[in-house]
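A short worksheet on the structure shown next.
The values are calculated or read from the model by the stated rules, or taken from the named source; none is laboratory data. Computed from a predicted model, the values in this text were never measured in an experiment. Methodologically, a virtual Cβ is constructed for each residue, glycine included, from the backbone with ideal geometry; neighbour enumeration extends over all protein chains shown.
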Amino acid sequence: MTLQKTHWIILGLILACGLILGIAVIGLHLTPWRMYADPSEGHSIATMQGGLDNLILDTEFPKSPVSMSIYKVKIIDRVQDVIVEKALTTKNSTPSADEAPALAEKGLEKYGGLPKDAQLGIVIPNYQYKYNLTTNTVEEQKSVSTQVIYMQMLNGSRVIGGSINLMLGENGEIISIVKTWPAYEYAGEVNIISAEQAYEKLKNSETIDKPLGNIKEGSKISDIRLGYKLTRETNSSLTPIWIFNVTIPPHPGYPPALSDSFRLTVDATKIT
C-alpha cells in the first residue's frame, strides 16, 4: 500500500496589514487569474542560487529619454485596516477576477475613493489547497480572498511605493487594505542613464534593492521600464529608476501557478 501524503499548501501571501497567512504545513497558494501592467507587484524575492550577472535577458531595451521630471512629496495619504477574523478564514465564495475591480472601486469609497492616477495592477483569487504530495494533485480548494492591487502612475511611469493593496471577502467586502498614496509637486528635470547602462549596473549588483541570496538558475529579466522610487519622508524627491522585472522558474511539486517574480531597481539618475 502506498502512503498518501496530503497537506494544505500555502504559498506566501502577505496581507495588506502585514499579516502573514501561514502556519506549519498550512499556507495560502496564489493562483493568478489575470495579470496586468506590473506582474511583480505583491511578489517577493524567492530562494536564489546564482548571481545577478546570470540573469537571462528575455526582453528588448526600451528607448531612453534624455531626462525625466522630478517631484517633491507634499503629503502621503495612508490607510491601514484589517478585519482579522475574516482575513484569516476560508469563505464560501469570493468575487471572481472579473467582478473584483468594480467591487473594489465601490468599497474604496469609504477610504476616499479610487485616485485618478491609479492603474489596476493585478487581480488574484486566493485559495487554500489540499494538495497530495504523492500524486502531485490538488484534492480540494477553499476560497480565502480576492486580492486587488492598484498602482500609482506619474506621467505614465510607475511609482514604486505608491499603491493600494486590498483583499475582498464574501459579497465584495474589503477585509484588509493598505493604501500609500502620495501627492506631488513639480521640482524640475534631471538627466538619466539609458536602459543599457542601467543593465550594466544591474549586472555589477549596483541595485537599489539587494537580493537576499542568489538568483535561481533559469531566471529571466522579462520587462524593463522607467519609473520612480518613493522615499517615505514628506518633502523628499522621487528617485527616477529603471525597473527590471525578473521571472523565476516554477517550483516543482506545488499546485499550478504563475511563476514567482520579483523586482530589481537601478538608480536612473545620470551623474555629471
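Tabulated results
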item	result
Residues of segment 137-165 classified as farther than 16 Å from T89 by Cα and either at pLDDT 95 or above or assigned to a strand (DSSP E or B) (or both), total	19
Subset of segment 72-91 [assigned to a strand (DSSP E or B) and under 22 Å from the mean Cα position of the chain (by Cα)]	I76, D77, R78, V79, Q80, D81, V82
Count of residues meeting criterion [at pLDDT 85 or above and polar (S, T, N, Q)] in segment 235-272	5
Restricting segment 92-109 to residues that are modelled with pLDDT under 95 and more than 21 Å from the chain's Cα centre (by Cα), the residue that is farthest from S163 (Cα to Cα)	N92
Among (1) basic (K, R); (2) crowded, with 19+ Cβ neighbours inside 10 Å; (3) at pLDDT below 95, the one test that R232 misses	(2)
Number of the exception - S69 against (1) out of contact with any Leu (no Cβ under 7 Å at 6 or more places or on another chain); (2) outside any strand (DSSP E or B); (3) at pLDDT 90 or above; (4) of a type in the set (G, A, S)	(2)
Leading residue by the ranking (surrounded by the most Cβ atoms within 10 Å (Cβ to Cβ)) among those in segment 169-190 that are in contact with a strand residue (DSSP E or B) (Cβ under 9 Å, 6 or more places away or on another chain) and farther than 18 Å from L154 by Cβ	I175
